[in-house]
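The values are calculated or read from the model by the stated rules, or taken from the named source; none is laboratory data. Small disclaimer: the values here were computed from a predicted structure and weren't measured. No Cβ is skipped: glycine too gets one built from the backbone with ideal geometry, and neighbour counts run over all protein chains shown. Surface areas here come from the heavy atoms of the whole protein model, side chains and all, with no ligands, DNA or RNA. Shrake-Rupley method; radii C 1.70, N 1.55, O 1.52, S 1.80 Å.
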Amino acid sequence: MIYFVGAGSGAPDLITIRGAKLIQQADVIVYAGSLVNPALLEDKKDGCMVYNSAKMTLEQVMDVMVLASKAGKLVVRLHTGDPCVYGAHREQMDVLDREGLAYEVVPGVSSFCGAAAALKAEYTLPDVSQSVIITRMAGRTSVPDRESIRSFAAHQASMVIFLSTGLLKELQRELAEGGYPRDTPAAIVYKATWPEEKVCRCTIETLADTAEAEGIKKTALIMVGRFLEGEYGRSELYNPAFTTEFRKGTAD
């Protein structure tokens with residue numbers, strides 16, 4: 001059996017209980033060594049074979065997983081955060097489908113959740129934004145034209161930008177020319193929930209300068225939007241005058 005396990009955002013104790021138990025039981029672990037905290041491997045059992053996928057191609061990863069599974073071994077494919085966000089696990093599952101091998105996905109805490117926790121922020125504030133855009137800048141990996149930062153910026157929703165720390169000058173320009181005012185609050189969260197976590201608050205206009213001053217070149221998320229500061233509306237759910245399935249509202 002093969003399990004795609006979300007390792008969480010960085011801190012070893014933020015993996016799910018299910019994911020932690022699977023690591024303890026695994027005969028083979030293939031982990032994303034460039035991003036997954038290696039401390040998560042400390043609980044593996046004796047004799048467990050460990051492979052660092054940062055040094056492997058898709059074909060090499062699949063050879064390890066397929067052969068181990070066919071030999072009756074329990075395989076854990078350990079992805080950073082949650083596999084559904086930039087995890088590249090769909091192509092792996094397609095191979096397993098063709099091979100007729102069983103697998104399951106175990107969700108994890110994405111870094112965009114860890115970053116919000118570090119900022120003590122809520123992405124969906126009433127009267128500010130009720131939508132969260134998760135995206136990235138086009139780099140060596142392309143992005144469809146219809147999903148450009150500039151086109152998303154027109155909505156001025158809360159935005160979380162992955163894999164773009166090395167493109168901050170271009171990102172600033174795309175955000176501003178797309179519609180965000182240049183003084184829109186922004187934040188850079190480096191290695192959210194890791195011991196070396198660093199939180200930097202700034203504006204769209206100062207993103208690149210802030211990252212340079214702090215020596216941040218990779219492994220960071222960029223957050224943009226008015227959710228980071230300012231006024232917002234009260235939640236209706238807990239408003240005394242608001243009736244819900246479980247509570248009758250009071251008259252003004």
On average, how much accessible surface per residue is there in segment 133-225, in Å², for a 1.4 Å probe, leaving out ligands, DNA and RNA?
-> 50 Å²
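On the accessible surface of the chain, probed at 1.4 Å, how many percent belong to carbon and sulfur atoms?
Carbon and sulfur: 50 percent of the exposed surface of the chain.
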Just need the relative contact order of the chain here, percent rounded to a whole number, with Cα pairs under 8 Å and 6+ apart.
-> 19 percent
Label-point separation (nm) for Lys21 and Glu59, each offset 7 Å from Cα along Cα-to-Cβ?
-> 3.8 nm
The alpha-carbon center of segment 150-170 and that of segment 1-34 are separated, in whole Å, by 30 Å
Rh (Kirkwood; distinct C-alpha pairs) - segment 104-232, Å = 14.7 Å
Amide H neighbours of Val128 at under 5 Å, excluding residues fewer than 5 places away on the same chain, with H built from the backbone geometry, are Gly233
Site Arg182, offset 7 angstrom along Cα→Cβ, radius 19 Å on amide nitrogen, limited to segment 138-155, gives 150, 153-154
Leading residue at positive end of dipole, the chain (Cβ point charges), from Phe227, Val85, Thr135 | Val85
Net length gained if the chain between Glu42 and Ile134 were fully extended (0.36 nm per residue, minus Cα distance) | 29.9 nm
Would you work out the charge dipole size for the chain about its Cα centre, treating the Cβ of every Lys and Arg as +1 and the Cβ of every Asp and Glu as -1, and quote it to the nearest 20 debye?
-> 320 debye
Neighbours of Ile161 by Cβ distance under 11 Å: Lys/Arg at +1, Asp/Glu at -1, summed charge 0
Loop-resident sites, segment 223-252, for chymotrypsin sites (Phe, Trp or Tyr not before Pro), counting at most 13 other Cβ within 10 Å (DSSP) | Tyr238, Phe246
Just how large is the dipole of segment 1-106 about the Cα centre, in debye to the nearest 20, putting +1 at every Lys and Arg Cβ and -1 at every Asp and Glu Cβ?
-> 120 debye
Match the structure shown to one of the listed values (1) 64, 50, 35; (2) 54, 39, 31; (3) 135, 51, 27 of Cα extents along the principal axes in Å, computed from it, and give that label.
-> (1)
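For segment 106-252, give the magnitude of the charge dipole about the Cα centre (Cβ charges: +1 Lys/Arg, -1 Asp/Glu; no others), in debye to the nearest 20.
Around 380 debye, computed over segment 106-252.
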Under 24 Å Cα to Cα from Lys198, which lysines show up? Leave out anything in the same chain fewer than 8 places away.
-> Lys120, Lys169, Lys217, Lys218
From the residues Gly72, Val5, Gln25, which one has its Cα farthest along the dipole of segment 1-91 in the positive direction, the dipole being from +1 and -1 charges on Cβ of Lys/Arg and Asp/Glu about the Cα centre?
-> Gly72
How big is the gap, in Å, between the Cα center of segment 173-220 and the Cα center of segment 126-140?
-> 14 Å
At most 12 other Cβ atoms within 10 Å and a DSSP loop assignment: could you name the trypsin sites (Lys or Arg not before Pro) in segment 36-141 that fit?
-> Lys45, Lys120, Arg140
In segment 212-252, if every C-alpha pair distance is counted and binned at 5 Å from zero, what percent goes to each bin?
-> 6, 15, 14, 10, 11, 9, 10, 7, 6, 7, 5
Using alpha carbons only, what's the Rg to Rh ratio of segment 46-175 with Rh from Kirkwood?
-> 1.05
